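I have placed the structure first, in the form of structure tokens, so that the comments after it can refer back to it.
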Amino acid sequence: MNKRVYVFDTTLRDGEQTPEVGLTIDDKVQIANQLDRLGVDVIEAGFPISSEGEFLAVKKIAGAKLNSKICGLARAVKGDMDKALDTGVDRVHVFIATSDIHLKHKLKMTREEVYQRAIESVEYLKGHGVEVEFSAEDATRTDLEFLKQVYGEVARVGADYLDIADTVGIMNPEGMAKLVESIKSVSGRSVISVHCHNDFGLATSNTIAGVLAGAGQFHATINGIGERAGNASLEEVVMALEFLYGYKLGINKKLTYETSRLVSRLTGIYVQPNKAIVGDNAFGHGAGIHTHGLIEEPSTYESINPEMVGKKRWLVAGKYAGSHGIKAQLESLGIKPKEEQLKTIVLKVKELGDKGKVVTDTDLVAIASSVIGQVSAEERALSLEEFIVVTGHKVMPTASIKVKFDGKEYVASQMGVGPVDAAMKAIQEVLKDTIKVSLKEYRIDAVTGGSDALAEVTVRVEDANNLQASARTAGPDIVQTSVEAMLEGINKLLLKRKYQA
Ligand code: KIV
Ligand code: ZN
């Protein structure tokens, strides 16, 4: 579709109105530069009357010779409009509420007064040679005939853009389409714009409906930030209009993610992981069936290539992971397990997934390297049958263990200074009449942060003939993982003995 639709970014104005956001002048300039690189048509840089810092920020951005047009917000009052004009912006966005609720409770003005003020404001600004955008605040709750009168008249006196503000986000797509069509009938040469809030999660849909019905401009913010539930999300609207409806908006889409990160970092507003396009999970895949399909052909489970918006696809292992996905993930990390080893790795990943843990790349490397270095099942002479450890306040940590060695079962219990110590001693005790082993070295590392971090245990064991072997295991339970490491070390020792004999 060749119809020109302008992208009006209001991250620095409505976005900054997000509760608790406060940007410095430098932050605003940095974001404006990034929005300019992104290719938005208009940057609403701020609301100059609101503070001296805001005035200076808008002035600085207006003077930065960016390609995007710079706009400043003003109420339909002379002081606001003069302050906005003083910043040197290309466009002033002037607004006044038109709904009866606002007239009665906020403005304390009659419809006639609001109508006159809207016209005079547009005329005043036009007289100063700037582009004028007029917003009827709360347009979507305004009596339609009155709204048409206001828009019709401001269009006649020269407003370049007529913005329909869904201030409290109560529109639905059908309603927005109808409203745009109605305003179109009175808009003359003015371009219609839509400004949608996300109170019902419909801001993106309403914006698209407005554009499809003939709006030539839409307002949006990066990451959808803004008052309350936010504004239409720029990245969602842009991608949907381009990919689902065939519009060409002139946005440098590869900078989408970079821009989202910058805005998130400077505003301190976290992007929800499942947010479309820019969320961390937008191109993350966990289910085995999906990763299998993706490895064959990414379009099986991706609507767009993540690189288009500057993101990367990633695969995560968890209980839904399948061996194809885990194999691919390991290969991308330079690890090529054998078929048997892969099965064990997948099993361990699923065990962790069942415990509610997401297995990161770092976890996976730890699991894989411990599995790859393991003694094979056929060669394992010693195996764990049962194991219990008791610990607590004023309780001496005690471990009991049952192992199978050369087909026979052995049981022992030992106390220790802590549960791991008790377990290590119990293992040494259970084998004392067959192979005397001592623990020469024990190390535990947390692979990732958090109390559910994967623990990596490394042990070095020695027999009575000073023969040594090391083993490393990884798992979420430090006692269990330590027991596995110790038994693995002993199995390696036994193998060494066998091959040396
Ligand atoms: O939501 C709104 O009504 C606004 C106006 C200033 C256009 O942001
Ligand atoms: Zn708004």
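Exactly one residue out of E133, E137 is under 20 Å from R228 (Cα atoms) and within 15 Å of ligand 1 (Cβ to nearest atom): that is E137.
Residue under question is S99, and the condition is that it be surrounded by fewer than 17 Cβ atoms within 10 Å (Cβ to Cβ), hydroxyl-bearing (S, T, Y) and within 16 Å of ligand 1 (Cβ to nearest atom); does it hold? For S99, the condition - surrounded by fewer than 17 Cβ atoms within 10 Å (Cβ to Cβ), hydroxyl-bearing (S, T, Y) and within 16 Å of ligand 1 (Cβ to nearest atom) - is not met.
What are the residues in region 217-252 that are more than 13 Å from ligand 1 (Cβ to nearest atom), of a type in the set (G, A, S) and within 19 Å of A165 (Cα to Cα), if any? Once the filter is applied, which keeps residues that are more than 13 Å from ligand 1 (Cβ to nearest atom), of a type in the set (G, A, S) and within 19 Å of A165 (Cα to Cα), region 217-252 yields G224, S233. One residue stands out in region 6-20 among those that are buried (at least 23 other Cβ atoms within 10 Å of the Cβ) and either free of Cβ contacts under 8 Å to residues at least 12 places away in the same chain or over 17 Å from T256 (Cα atoms) (or both): the one that is nearest to ligand 2 (Cβ to nearest atom), namely D14. Exactly one residue out of E227, E235 is at pLDDT below 95 and either assigned by TED's automatic domain parsing to the domain that holds L162 or of a type in the set (V, I, T) (or both), and it is E227. Inspect all residues belonging to region 10-21 and state whether any of them is basic (K, R), within 16 Å of ligand 1 (Cβ to nearest atom) and assigned by TED's automatic domain parsing to the domain that holds S193. Within region 10-21, one or more residues are basic (K, R), within 16 Å of ligand 1 (Cβ to nearest atom) and assigned by TED's automatic domain parsing to the domain that holds S193.
Of the residues screened, E181 is not one that is more than 20 Å from D9 (Cβ to Cβ), in a helix (DSSP H, G or I), within 30 Å of the chain's Cα centre (by Cα) and away from ligand 2 (no atom under 13 Å from the Cβ). Scanning region 167-178 for residues that are within 16 Å of ligand 2 (Cβ to nearest atom) and either part of a helix (DSSP H, G or I) or over 13 Å from D138 (Cα atoms) (or both) returns a single hit, M176. Between V271, V194, the distinction of being outside any helix (DSSP H, G or I), closer than 30 Å to A321 by Cβ and touching a residue at least 24 places away in the same chain (Cβ under 8 Å) belongs to V271 only.
State all residues of region 42-59 that are assigned to a helix (DSSP H, G or I) and crowded, with 18+ Cβ neighbours inside 10 Å; if no residue qualifies, say none. Scanning region 42-59 gives P48, I49, E54, F55, A57, V58, K59. Of note, I31 satisfies the criterion of being closer than 30 Å to G246 by Cβ, assigned to a helix (DSSP H, G or I), touching a Leu at 6+ places or on another chain (Cβ under 7 Å) and not aromatic (F, W, Y). Suppose the filter is closer than 21 Å to R91 by Cα and in contact (Cβ under 8 Å) with a residue 40 or more places away in the chain; does G216 pass it? Yes: the conditions hold for G216. Every condition in (1) in a helix (DSSP H, G or I); (2) touching a residue at least 40 places away in the same chain (Cβ under 8 Å) is met by L23 except one, and the failing one is (1).
The values are calculated or read from the model by the stated rules, or taken from the named source; none is laboratory data. On a predicted model such as this, the values are computed, not experimentally measured, just so you know. Note: ideal-geometry Cβ built from the backbone for every residue, glycine included; neighbour counts use all protein chains shown.
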